[in-house]
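*Asks:* This is the structure I have questions about; it appears just below.
The values are calculated or read from the model by the stated rules, or taken from the named source; none is laboratory data. Everything numeric in this text was worked out from a predicted model, so none of it was measured. Neighbour counts are summed over all protein chains in view; Cβ atoms, including those assigned to glycine, are modelled from backbone coordinates with ideal geometry.
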Amino acid sequence: MTFAEAREGLFSALHASPHDRLVLAVAGAPGAGKSTVCELLLAEAQNRDVSAIVVPMDGWHLAHRTLERLGLAQVKGAPQTFDAEGFVALVARIAGQRPGDPSVWAPEFRREIEDAVTGAVEIRPEHRLVVVEGNYLLLDEHPWRDLAGFFDTAWVLTPDESTRRTRLVERHERYGRSTEDARAHALGSDETNARRIEHNMVAWAGLTVLEVDPG
């Protein structure tokens, strides 16, 4: 399915149930284009007067100092470098949030400091579209597999692999890595994580695969 087709289906569902919240998962390997899709969805939601928010999984990275203490700094970004239990609990709260409930606050990962900032994302009861974005949203491993029960629908981005790797190298370079180091990281731990996602995905009826890169 194309991005445009999935987008229209999403907003049609929101229009059909004007008082309900829709929780969408946007998943995929590192460099798949998740952030781009989320930006496009937020812009489209604003155009259609739909209140929307993006909740990034990356905010649940363990602190870099903690990863160094645990000997995990070199594989930062792998599933074991996140507070997965905390993230699952957050998504459960979002799915259960009702009118009149207090805001749910989520952390946000800041690449410029390579750490998360707590309380950076406010999810209010009036947000009708909540887009949860991250690599491991459909990973069929404990406790990640519990997430599927809180999503109304999910998109998996599967762009051309060469495009994905090129984009990933460019991202690492933008954040200060040398070209050599950026390539080593993209083809090393990032590639290991990509294959782990590919081969361990929850089989779920609400899954839509987007094979066309949205831009």
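*Asks:* For the subset of the range 34-73 comprising residues that are polar (S, T, N, Q) and touching a residue at least 60 places away in the same chain (Cβ under 8 Å), which member is nearest to G134 (Cα to Cα)?
*Replies:* Taking the candidates together, the pick is S35.
*Asks:* Something else: Within the range 60-72, is there a residue that is surrounded by 19 or more Cβ atoms within 10 Å (Cβ to Cβ) and among the β-branched types (V, I, T)?
*Replies:* No, the range 60-72 has no match at all.
*Asks:* Need the failing condition index for A16 against (1) without any contact (Cβ under 8 Å) to a residue 12 or more places away in the chain; (2) at positive phi, just the number.
*Replies:* Failing condition for A16: (2).
Okay, residues lined up against (1) crowded, with 19+ Cβ neighbours inside 10 Å; (2) closer than 12 Å to G33 by Cβ; (3) in contact (Cβ under 8 Å) with a residue 24 or more places away in the chain; (4) among the hydrophobic types (A, V, I, L, M, F, W, C):
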{"site": "L137", "(1), (2), (3), (4)": "yes, no, yes, yes"}
{"site": "P143", "(1), (2), (3), (4)": "no, no, yes, no"}
{"site": "F151", "(1), (2), (3), (4)": "yes, no, yes, yes"}
{"site": "R164", "(1), (2), (3), (4)": "yes, yes, yes, no"}
{"site": "L168", "(1), (2), (3), (4)": "yes, yes, yes, yes"}
{"site": "G176", "(1), (2), (3), (4)": "no, no, no, no"}
{"site": "R183", "(1), (2), (3), (4)": "no, no, no, no"}
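*Asks:* For the range 170-206, what are the residues that are aliphatic (A, V, I, L, M), under 24 Å from A148 (Cβ atoms) and modelled with pLDDT under 75?
*Replies:* Correct list: A205 only.
*Asks:* Taking the range 96-121 as the region of interest, how many residues are in a strand (DSSP E or B), within 16 Å of the chain's Cα centre (by Cα) and among the charged types (D, E, K, R)?
*Replies:* So the answer is 2.
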